[in-house]
1. Buried (at least 18 other Cβ atoms within 10 Å of the Cβ), among the basic types (Lys, Arg) and either in contact with a Ser or Thr (Cβ under 9 Å, 6 or more places away or on another chain) or on the phi > 0 side of the Ramachandran plot (or both), is that true of Arg48?
2. Of the conditions (1) of a type in the set (S, T, N, Q); (2) closer than 17 Å to Thr39 by Cα; (3) modelled with pLDDT under 85; (4) out of contact with any Leu (no Cβ under 8 Å at 6 or more places or on another chain), Thr120 fails just one. Which one is it?
3. For the stretch 157-175, give me the residue count where each residue is among the charged types (D, E, K, R) and within 13 Å of Asp143 (Cβ to Cβ).
4. Just to verify a result, which residue in the stretch 78-111, among those that are over 23 Å from Ser135 (Cβ atoms) and under 19 Å from the mean Cα position of the chain (by Cα), is modelled with the highest pLDDT?
5. Those residues that are under 30 Å from Ala169 (Cβ atoms) and charged (D, E, K, R), I need them from the stretch 2-42; list them, please.
6. Please verify whether the stretch 141-155 includes one or more residues that are among the polar types (S, T, N, Q), in contact (Cβ under 8 Å) with a residue 60 or more places away in the chain and within 18 Å of Leu44 (Cβ to Cβ).
7. If we scan the stretch 99-111, do we find a residue that is out of contact with any helix residue (DSSP H, G or I) (no Cβ under 6 Å at 6 or more places or on another chain), touching a residue at least 60 places away in the same chain (Cβ under 8 Å) and not in a strand (DSSP E or B)?
8. Give the residue that is nearest to Val63 (Cα to Cα), with candidates limited to residues of the stretch 125-149 that are at pLDDT 90 or above and assigned to a loop (DSSP other than H, G, I, E, B).
Amino acid sequence: MTIIELMVGLAIVAIVLFVAVPAFTIFLQNQQIKNAAQTVMQGLNTARAEAIRRNQAVRFQFVSDLTAGCALSTTSLAWVVSLADPAGNCEAEAGDMGTLAQIVEKRSATEGTRNVTIATTGGTTATFTGLGRLSGAGITQIDFSNSTGTCEHLDATNGTMRCLRVVIAPGGEARMCDPKVAAPVPPAIEPRAC
């Protein structure tokens, strides 16, 4: 192998990396958004199932962190499913019903969702009744995006992130959808549309 062949090989590898790395970065960021949305969906479904199983109100709440100083939050991805208000008691172990918060399940904001940001509509809490329905006012929509990019549905020209949304119906059903996908006219079944 000559030095010229080696240089040509290195040049080809450099070109491939130059093209592939940005696309791979976008792929990873989109996966973080998807993972965060699926994790929140799992928490909402757990809260609803627990409410039906126990035949009593169960809360899904976003909190600032999982420490003793936690507070309710509309921007943090940390969440708690509990029977009582978890504010100030988020350090309790899940399943330990002897604590004030009576936490059923909880999830840290740092688990695989480093750059994901959320925006909630309706506050910090979704409370499910014993029938699995939403009780009163609460979270009705959660938008997931990435702090390092722009959503495709907000900027069709420069948007690189495939942002997602979780919508909670008054009946308690939560579903994930893509804000970029427009609902067809006349109305038809399009499961990805918000």
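1. On the way: buried (at least 18 other Cβ atoms within 10 Å of the Cβ): yes; among the basic types (Lys, Arg): yes; either in contact with a Ser or Thr (Cβ under 9 Å, 6 or more places away or on another chain) or on the phi > 0 side of the Ramachandran plot (or both): no.
Criteria not met by Arg48.
2. Among (1) of a type in the set (S, T, N, Q); (2) closer than 17 Å to Thr39 by Cα; (3) modelled with pLDDT under 85; (4) out of contact with any Leu (no Cβ under 8 Å at 6 or more places or on another chain), the lone unmet condition for Thr120 is (3).
3. Here is the first cut: in the stretch 157-175, the residues among the charged types (D, E, K, R) are 162, 165, 173, 175.
Going one step further and asking which of them are within 13 Å of Asp143 (Cβ to Cβ), we end up with 162, 165.
Here the count works out to 2.
4. Among residues in the stretch 78-111 that are over 23 Å from Ser135 (Cβ atoms) and under 19 Å from the mean Cα position of the chain (by Cα), the one modelled with the highest pLDDT is Ser108.
5. Taking the stretch 2-42 as the starting set, the residues that turn out to be under 30 Å from Ala169 (Cβ atoms) are 29-42.
Selection gives Lys34 alone.
6. no
7. The answer is yes; a qualifying residue exists.
8. Selected residue: Ile139.
The values are calculated or read from the model by the stated rules, or taken from the named source; none is laboratory data. Everything numeric here is computed off the predicted structure, so don't read it as measured data. Don't worry about glycine lacking a Cβ; one is built from the backbone with ideal geometry, like all the others, and counts go over all protein chains shown.
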